[in-house]
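Notes follow the structure.
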Amino acid sequence: MELTFNLALPVAIGGDHAGFAYKEEVISYLEGKGVQVKDFGTDSPDSVDYPDFAHPVASAVESGAFAYGILICGSANGVAITANKHQGIRAAICWGDELARLARSHNNANILCIPAKFVDTATAKEMVDIFGETAFEGGRHENRVNKIACA
Ligand SMILES: O=P(O)(O)OC[C@H]1O[C@@H](O)[C@H](O)[C@@H]1O
């Protein structure tokens with residue numbers, strides 16, 4: 001099991017209308033740091049259905065072609081519920097630094113789900129940094145993570 005993300009790979013990002021402005025800001029932030037980002041939409045604040053964006057991001061992360069994923073909607077529940085239908089996905093809703101750290105170190109989460117209506121953009125960007133940089137601890141947590149996926 002990989003303990004850290006392969007940060008040479010691009011990051012996959014997507015979300016619905018409620019996450020659109022945050023998504024644009026996170027993309028600018030990551031690209032400003034030299035991180036490659038693939039934007040799976042949505043492309044405007046017009047109302048859309050979050051599964052249309054969460055499934056493609058989840059499939060992309062599952063494929064192994066991306067370092068990790070970021071999904072953003074109003075509560076983060078819609079995108080997280082959708083992404084977690086994929087066997088290879090562990091999508092974690094986070095609203096603060098410590099949650100983002102624990103999602104990585106304990107749960108080896110591979111998609112960060114951000115609730116745009118409940119965090120500010122500064123917190124969102126801090127969580128993105130922490131999520132991308134924090135290693136999975138393995139050990140006792142690896143046994144648990146290995147039991148998550150259904151046969
Ligand atoms: O903007 P409306 O359509 O009210 O609600 C969309 C939000 O409803 C929740 O499932 C998701 O968080 C999504 O962003």
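Rule-based calculations on the coordinates, nothing more; no lab input. Given the structure is predicted, the values throughout are model-derived calculations rather than measurements. Cβ coordinates were reconstructed from backbone atoms using ideal geometry, including for glycine residues, and neighbour counts include every protein chain displayed.
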- Order by neighbour count: ILE70, ILE81, fewest other Cβ atoms within 10 Å first, most last. ILE81, ILE70
- If you keep only loop residues by DSSP, which GluC sites (Glu not before Pro) in the stretch 4-47 have at most 14 other Cβ atoms within 10 Å of their Cβ? none
- Message: So for the chain, averaging the separation of alpha carbon pairs under 8 Å that are six or more residues apart and normalising by length, what relative contact order in percent results?
- Response: 26 percent
- Task: Would you calculate a helix-derived [θ] at 222 nm for the chain, using -39,500 (n - 2.57) for each DSSP H run of n ≥ 4 and dividing by the full residue count, to the nearest 500?
- Result: -12000 deg cm²/dmol
- Message: Give the residue list of trypsin sites (Lys or Arg not before Pro) in the stretch 91-151 that are DSSP loop and have at most 14 other beta-carbon atoms within 10 angstrom.
- Response: LYS117, LYS147
- Query: To the nearest 20 debye, what is the magnitude of the charge dipole of the chain about its Cα centre, counting +1 on the Cβ of each Lys and Arg and -1 on the Cβ of each Asp and Glu?
  - Reply: 580 debye
- Ascending count of other beta-carbon atoms within 10 Å, so fewest first, for SER75, SER63: SER63, SER75
- Would you order SER105, SER44, SER28 from fewest to most other beta-carbon atoms within 10 Å of each residue's own beta-carbon? SER44, SER28, SER105
- Message: How long are the semi-axes of the equivalent ellipsoid of the chain, taking √(5λ) for every eigenvalue λ of the Cα gyration tensor, in whole Å from largest down?
- Response: 22, 16, 14
